[in-house]
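Inspection log for the structure reproduced underneath, given as structure tokens.
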Amino acid sequence: MKRIFAILAIALAFTACTNAKKEEAIKLAAIKAVKDSIRLDSFKKADLVQKQQAAKIQDEKRVLMLASAKAAENAPAATMASTDNHQAPVKAKKKGWSSAALGTVIGAGAGGLGGALIDKKKGRGAIIGGVAGAGAGYLIGRGQDKRSGRVASN
């Protein structure tokens, strides 16, 4: 009788393991399918944005051409030869957090957490670690800003 229960227990364990493996494979396949569909959607969105930007550029060129044509009609022949319609490209202003600000925030959080874990007096360690981490994060982020050209290096 004990042998029968042992055999049944082993058989049950094997069937349970194979079901878990099958379920895991099904879950992985579902996750992969979702990731693929998200990736496909992002490509479609990127193409749409690219087409919209191209259409916007075409509209701007058309408006500039019409404006220059009107100016050419109204200007005398002598000034038409000296007119130059080339404009210097305007640099877009960068938006969002600078690397220095982001480094300060991340450094303060990591330093505060590390200080609280290391020091026996949690509050004192968190404050000291936060200040030290914020300073180090600022210096690292400022260096990245200088390399990227966001901040002029003096």
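The criterion of being charged (D, E, K, R), within 30 Å of Arg142 (Cβ to Cβ) and at pLDDT below 85 holds for Lys95. Among the criteria (1) at pLDDT below 85; (2) out of contact with any helix residue (DSSP H, G or I) (no Cβ under 7 Å at 6 or more places or on another chain); (3) surrounded by 10 or more Cβ atoms within 10 Å (Cβ to Cβ), the one Leu113 does not fulfil is (1).
In a residue-by-residue description of region 66-84, the property of being of a type outside the set (Asp, Glu), modelled with pLDDT of 85 or more and either surrounded by 11 or more Cβ atoms within 10 Å (Cβ to Cβ) or closer than 30 Å to Arg147 by Cα (or both) applies to no position. Considered as a group, the residues in region 140-154 that are polar (S, T, N, Q) and exposed (fewer than 12 other Cβ atoms within 10 Å of the Cβ) include one that is farthest from Gly103 (Cα to Cα), and that residue is Asn154. Taken over region 116-139, the criterion of being farther than 27 Å from Val151 by Cβ and surrounded by 15 or more Cβ atoms within 10 Å (Cβ to Cβ) is satisfied by Ala116, Asp119, Gly125, Ala126, Ile127, Ile128. When region 31-45 is filtered for residues that are modelled with pLDDT under 75 and either of a type in the set (A, V, I, L, M) or in contact with a Pro (Cβ under 9 Å, 6 or more places away or on another chain) (or both), the ones remaining, listed by number, are Ile38, Leu40.
The values are calculated or read from the model by the stated rules, or taken from the named source; none is laboratory data. Worth saying up front: this structure is predicted, and the values here are computed from it rather than measured. Note that each Cβ is placed from the backbone with ideal geometry, even for glycine, and that neighbours are counted across all protein chains shown.
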